Amino acid sequence: MVKSETGFDIVRCIENLLNVDIKSLGKVSDLVKGFIDRVTKALDFRVFAVGFYNKKFEAIVFSSIYSAGKSDREIAKVKVSGPEALSIIEHAEKDTLECRDVRFGDLSLGRCGIAGFKYNSKPCGLVIFPCTGDGDWGLKERLFRVVVKVLSLKLEFFLYRKEDILYQRQKSMFNALLKEIPDAIYFKDKESRFTVISDYHARRLGLRKPMEAIGKTDMDFYSKDFAKKAMKDEQRILKGGRKLINKEEKVVKDGKERWVSATKVPIKGKNGKIIGLAGISRDITRIKRMEEELRKEKEKFEKVFYSNPEPMVYADENYNIVEVNDRFLELFGFSRDEVIGKNLDELIVPPGYEEEAKMLNERASEGYIYFDTYRRRKDGKLIPVSISGSSIFDKGKVVGRIAIYKDISLRVKAENINISLYEISRAVYSVSSLKKFFAQIHKSILRIIDTKNIFFGLVSRNGYLRIPYFVDVKETYKGFRYEGSRTLSERVIKTGKVIHMRRGDIVREVKEGTLVIYRTLPEAYVGIPLKVKKEVIGIMVLQDYNNPDAFGEGDIRLLESISVQIAVAIDRKRYEREREKLVGELTKALNEVKKLSGLLPICANCKRIRDDQGYWNEVEKYIAEHADVDFTHSICPDCMKKLYPDLYEKMYGEGKKE
């Protein structure tokens, strides 16, 4: 057995180093640790370290630093960078072993020899070997060189095996990929010739085996136009190094049309130059058909949605607006930017209708709803709408909401007109006071037109306009003589026509002197004659002090039609009042006549009449008090002959002679 003078068994030491088992090692750090264990057992070294470095990052990483004689052996894991790392690397790349002080931060290893080891002829790492300073350093230096060489061989063999295992594993995975993946995988050289293709691609090309495609191009399998386009794309990749990602292409082969998504990337050799390309084409025919079906369905939906004559809205599950059609914007007076992303209920549900909206939302989550209610425009005006809507479900979960808001203003107005006409007709019989009668008419009109300023005038025979009902936010008004007043009221009565004027027209006529205004100038004025059998018996006047367009043509036509009913009702009411007055007078007269009926106690001599209290009254006085009779006194011929014979003879005697 060969031993050194100090007792080292060099052969056994080398055998121990060579016998380090690497079969079960999983990584380089395991190999290093096992190697260090053998060295520390064979040699009496205080500290031993192995590190790996990277010149690019100017850093050395010592996976472990070990000290002989400790059970754990591991002292620290250290990363050295900067000038200190460069200095150590420079020493490690030299073939000479130079002793120097080695310090890793706060950890000092003392004087150590440094030697580098290589892998594939390139520096890979270094070994730090302690310098003891005794006379045996020469032997240790030679042994140290052997240790470094053995470690380099071990690492190279270890890494080679790792690479070989990795290569075999990758090859197996690659072959499985080519065989099993249902995508067209292929590799081509710089002339766009196939070098490798997958089994699936071979079947698509009509080949029995993938090997049959080797050396061929797309020209051998596809139409000339398609092949030229594909080769043009591939040449741009091969020359410029650009990638082609997910390009959708239509492929026609054997009269059948398919769609594929093609991805092609350049392949570079060890020298960094492009040597070919790799590609994968996925059949997306089914996806394209689905997309086409979805596109058609989307077009149908958009036609129904955007071209629908009724206002429509699509919202997410939380009622945040996703899309609306133009009719929705038109009905509610918003722009598209003002509604998209906004909460539907917060946008158009008026105050006081929140609970109703909540109830509708709950019902919509269960299915279809149909409900008549009111919603708010941008300008704050409430409009009657009929809501029909439902939730959109996906796998039992609500993913959206869709609703139609049908404007039912005309229907509601028609219903209100019928109600108003009924109320007006009913008021004739149910309301006794004329003022209350006009108040009921005003209330009925409010069902159809929002007007706060209205008055009714009744025409008298003496040219006077009596105002039995007047409601106005700015004025108080009484009757006046309309004849010759040059007022709008006179014009309505005289012409018997509807007068509709705006502020500008009124001002112009006032300046011209054809019109006189005695009260606050309105922004809009509507005067409607109330006629019975072509005779104007009164007027109905509506005014607005804020909006010149408060009364539209439809409103005026509606008021005209109602005015006929109002005029008939007023005339009937006046007739009833006259009839009631006449009946009262007749009743009173009849009562008085009844007082003179029956037996009257009268004096046989003086002809006085006794009343109910026992007093005797002159005949004239009694009858005057109990009947609507005035007495005129005269004298009969008999009394004249008796009392005034001369006068009697003169008046009646001469007459007899003749």
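Could you work out the per residue convex hull volume over the alpha carbons of the stretch 470-569, in cubic angstrom? Working shown, then result.
On the way: hull volume 10.4 nm³, N = 100.
Convex hull volume per residue, Cα atoms: 104 Å³.
Could you work out what % of the accessible surface of the stretch 442-513 is carbon and sulfur, using a 1.4 angstrom probe and leaving DNA, RNA and ligands out of the count?
Numbers: 1820 of 4020 Å².
Here it works out to 45 percent.
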With an 8 Å Cα cut-off and a minimum separation of 6 or more residues, compute the relative contact order for the stretch 367-482 in percent. 14 percent
Name the long-range amide H neighbours of residue 537: under 5 Å, sequence gap of 5 or more, or other chain; modelled H, no Pro or chain starts. 530, 531, 532
Choose one of 347, 275, 244: the residue whose Cα lies farthest towards the positive end of the charge dipole of the stretch 221-367 (beta-carbon charges +1 Lys, Arg; -1 Asp, Glu; about the Cα centre). 275
Surrounding net charge for residue 306, when Lys and Arg each add one and Asp and Glu each subtract one, Cβ distance under 15 Å: -2
Once you place label points 7 Å from the Cα toward the Cβ at residue 163 and residue 619, how far apart are they in nm? 16.3 nm
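Could you pull out the trypsin sites (Lys or Arg not before Pro) across the stretch 505-561 that fall in loop regions by DSSP (anything but H, G, I, E, B) with no more than 12 other Cβ atoms inside 10 Å? The partial results should precede the final answer.
Values: sites: 508, 511, 519, 531, 533, 534, 557; in loops: 519, 533, 534.
For trypsin sites (Lys or Arg not before Pro) across the stretch 505-561 that sit outside H, G, I, E and B with at most 12 neighbouring Cβ atoms in 10 Å, the list reads 519, 533, 534.
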The stretch 489-555 versus the stretch 375-450: alpha-carbon centroid distance in Å: 27 Å
When the solvent-accessible surface of protein heavy atoms is calculated with a 1.4 angstrom probe, in what order do 129, 52 fall, highest first? 52, 129
Approximate spin-label separation residue 299-residue 285, in nm, with each point projected 7 Å along Cα-to-Cβ: 2.3 nm
Distance in nm between label sites at residue 533 and residue 246, each 7 Å beyond Cα in the beta-carbon direction? 8.7 nm
Quick one: ranking 561, 390, 152 by accessible area, 1.4 Å probe, largest first, what do you get? 561, 390, 152
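Assigning unit charges at the beta carbon (Lys, Arg +1; Asp, Glu -1) and nothing else, what dipole magnitude in debye, to the nearest 20, does the stretch 233-272 show about its Cα centre?
Values: 12 positive and 6 negative charges, 56 e Å.
Rounded to the nearest 20 debye, it is 260 debye.
Between residue 499 and residue 336, how high is the FRET efficiency from 1/(1 + (r/R0)^6) when r is the Cβ-Cβ distance and R₀ = 45 Å? Nearest 0.05. Don't skip to the answer; put the middle values down first.
On the way: r = 41 Å, r/R0 = 0.92.
Computed FRET efficiency for residue 499 and residue 336: 0.65.
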Along the charge dipole of the stretch 306-361, Cβ charges K/R +1 and D/E -1, which of 307, 357, 334 sits furthest on the positive end? 307
Ranked by accessible surface with a 1.4 Å probe, highest first, in what order do 359, 290 come? 290, 359
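At a Förster distance of 25 Å, what's the computed FRET efficiency of residue 362 paired with residue 382, Cβ-Cβ distance as r, to 0.05?
On the way: r = 23 Å, r/R0 = 0.92.
Approximately 0.60, to the nearest 0.05.
By how many nm would the segment from residue 604 to residue 547 lengthen if fully extended, with 0.36 nm per residue of separation less the alpha-carbon distance? Provide the component values of the computation, followed by the final result.
Numbers: separation 57, 0.36 × 57 = 20.52 nm, distance 8.47 nm.
Result for the pair: 12.1 nm of gain on full extension.
Applying 1/(1 + (r/R0)^6) with R0 = 51 Å to the Cβ-Cβ distance of residue 634 and residue 579, what FRET efficiency is obtained, to the nearest 0.05? Write out the running numbers ahead of the final one.
Numbers: r = 39 Å, r/R0 = 0.77.
According to the calculation, E is roughly 0.85.
Before I look further, what does the stretch 366-505 give for accessible area per residue, probe 1.4 Å, in whole square angstrom?
Values: 7830 Å² over 140 residues.
I get 56 Å² per residue for the stretch 366-505.
The values are calculated or read from the model by the stated rules, or taken from the named source; none is laboratory data. Values in this document were obtained by computation on a predicted structure and should not be read as measured data. Counting neighbours? That spans all protein chains shown, and the Cβs are built from the backbone with ideal geometry, glycine included. Note: accessible area is taken over every heavy atom of the protein model, side chains too, but ligands, DNA and RNA are not part of it. Shrake-Rupley method; radii C 1.70, N 1.55, O 1.52, S 1.80 Å.
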